[in-house]
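Visitor: Would you mind keeping the following structure in view while I ask a few things?
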Amino acid sequence: MTESDEHVSVTVRVPAKVNVQLAVGPARLDGFHDLANVFLAVGLYDEVTAAPAEKLRITCEGPDAGLVPLDRTNLAARAAEALAERYGRTPDVHLHITKDIPVAGGMAGGSADGAAALVACDALWGTGASRDVLLEICAELGSDVPFSLVGGAALGTGRGERLTALEVGGTFHWVFATAARGLSTPAVFREFDRLGEGVDIPAPVASRPVLDALAKGDAAALAVAVSNDLQPAALSLFPELADTLAAGRAAGALTGLVSGSGPTTAFLAADANAAAEIAAVLRASGTCASARVAEAPAAGAGAAGATAVAGPLPAGPTLEG
């Protein structure tokens, strides 16, 4: 590493997601579930900065940064290791995560960081990975990671990793209410399985009304069509979310639902002014920790691009072994 290398870094911005449809099939033999997962990327962002280092290390700042693992369970670290292994190099990189996506909130913040780290390391190391290779590595990292790379809107099938891009005909205005604690995605799926014992769960199929509403940019039609098969399980584990959903709907939201596995709740608004009003009511309601407005769709990590900047990154732990 040369002296000039020490002052080069690459920063990639990556969006959160909301699921406007999450249809879940029965548990497979491998423990996963087949999904019909309609992703919509929304304008709440994390940033991941990659810089040369002697060994792999992770640092993090921002809301709930203390909840983010700084070891190899972090998908950003795993992404760097996977790319390095693919191209026969060591993952000697410092990854600094600037968090703004809720942690353990059902908005794919960890997956987003994995996708952003992959793009940032590819740019920093000059590995020149193709889009297909990046998506292949994303799929190995986790079910939501490929969409974090792609952004926009997409239908995810399989366990969510097989993506088909979807047309979006306009801008959708959302309010996201965060909770005081998180929910574990595996725990929510286990509760889904428990609640579904003895029930004939159909194979998941994409909703034509959801796809049509997205293509037309029709918020009112989308509000009628959204669905989340994990919502009953999330509410079973976190009953207080029902109060947040009721507060948002009473404030004028076109609809409200749990985002993914939760516990963040998502409210679709008619326009930007309505979204601001709904967020203000939710903040004052005492039913949530915070409420944020965001527009959709948003570009993914790959489309957002990478920017070289100068300056050192904060010190952080080195991952050994």
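Taken together, the values in this text are just the output of simple stated rules run on the coordinates, not laboratory data. Nothing here was measured: the structure is a model prediction, and the numbers come from that model. Don't worry about glycine lacking a Cβ; one is built from the backbone with ideal geometry, like all the others, and counts go over all protein chains shown.
Visitor: Go through ALA219, VAL205, ALA272 and say which Cα lies farthest out towards the positive end of the charge dipole of the stretch 172-296; charges sit on Cβ, +1 for Lys and Arg, -1 for Asp and Glu.
Guide: ALA272
Visitor: Let me ask you something else. Charges at C-beta only: +1 for Lys and Arg, -1 for Asp and Glu. How large is the resulting dipole of the stretch 172-296 about its Cα centre, in Debye rounded to 20? Please report the intermediate quantities before stating the final value.
Guide: On the way: 8 positive and 12 negative charges, 48 e Å.
Dipole magnitude for the stretch 172-296 comes out near 220 debye.
Visitor: Is the shape of the stretch 5-166 rounded, prolate or oblate, going by the alpha carbon gyration tensor and its root eigenvalues a ≥ b ≥ c, with a/c under 1.5 for rounded and a/b larger than b/c for prolate?
Guide: Values: a/c = 1.85, a/b = 1.51, b/c = 1.22.
Prolate.
Visitor: Can you bin the stretch 226-270 into rounded, prolate or oblate? Criterion: square roots of the alpha carbon gyration tensor eigenvalues sorted a ≥ b ≥ c, rounded for a/c under 1.5, prolate for a/b above b/c, oblate for the rest. Intermediate values should be presented prior to the final figure.
Guide: Working: a/c = 2.56, a/b = 1.50, b/c = 1.70.
It is oblate, given that a/c is not under 1.5 and a/b is not larger than b/c.
Visitor: Let's see if you can work this out: charge +1 on each Lys and Arg Cβ, -1 on each Asp and Glu Cβ, no other charges. What is the dipole magnitude of the chain about its Cα centre, in debye to the nearest 20?
Guide: Working: 21 positive and 36 negative charges, 90 e Å.
Using only the charged Cβ atoms, the result is roughly 440 debye.
Visitor: Of the peptides 275-285, 226-236, how do they stack up when ordered by the mean number of other Cβ atoms within 10 Å, highest first? Don't skip to the end; give the middle numbers.
Guide: Working: 275-285: 19.1, 226-236: 20.6.
Peptide ranking by packing, descending: 226-236, 275-285.
Visitor: Using alpha carbons only, how many degrees (0 to 90, rounded to 10) separate the axis of helix 131-141 from the longest principal axis of the chain?
Guide: Roughly 70 degrees, rounded to the nearest 10.
Visitor: Here is a follow-up. From Cα pairs below 8 angstrom and at least 6 apart in sequence, can you work out the relative contact order of the chain, rounded to a whole percent? Present the calculation step by step, with values, prior to reporting the outcome.
Guide: Values: 799 pairs, mean separation 88.3, N = 321.
Computed over the chain, the figure is 28 percent.
Visitor: Now a separate question. Taking every DSSP beta bridge with both residues inside the chain, roughly what % is antiparallel (nearest 5)?
Guide: Details: 51 of 58 bridges.
Percent antiparallel among DSSP bridges in the chain is about 90.
Visitor: Here's a follow-up. Angle between the Cα long axis of helix 185-195 and the longest principal axis of the chain, 0 to 90 degrees, nearest 10?
Guide: For 185-195 against the chain, the angle is about 30 degrees.
Visitor: Sticking with this structure for a sec: Which one of PHE192, CYS138, ALA165 has its Cα pushed farthest toward the positive end of the charge dipole of the chain, where Lys and Arg give +1 and Asp and Glu give -1 at the Cβ?
Guide: PHE192
Visitor: Between 0 and 90 degrees, rounded to the nearest ten: what's the tilt of helix 109-125 against the longest Cα principal axis of the chain?
Guide: The helix 109-125 is inclined about 30 degrees to the chain.
Visitor: Taking every DSSP beta bridge that has both residues in the stretch 5-166, what percent is antiparallel when rounded to the nearest 5? Walk me through the numbers before you get to the answer.
Guide: Details: 29 of 34 bridges.
Antiparallel bridges: around 85 percent, rounded to the nearest 5.
Visitor: State whether the stretch 172-296 is rounded, prolate or oblate according to the following rule on the C-alpha gyration tensor (a ≥ b ≥ c being the square roots of its eigenvalues): a/c under 1.5 gives rounded; otherwise a/b larger than b/c gives prolate, and the remaining case gives oblate.
Guide: It comes out oblate by the Cα gyration axes.
Visitor: Go through the stretch 119-226 and name the GluC sites (Glu not before Pro) that are in a DSSP coil and have 10 or fewer other Cβ atoms within 10 Å of their Cβ. Kindly include the intermediate steps, with their values, before the conclusion.
Guide: Values: sites: GLU136, GLU140, GLU161, GLU167, GLU191, GLU197; in loops: GLU161, GLU167, GLU197.
Qualifying residues, ordered by number: GLU197.
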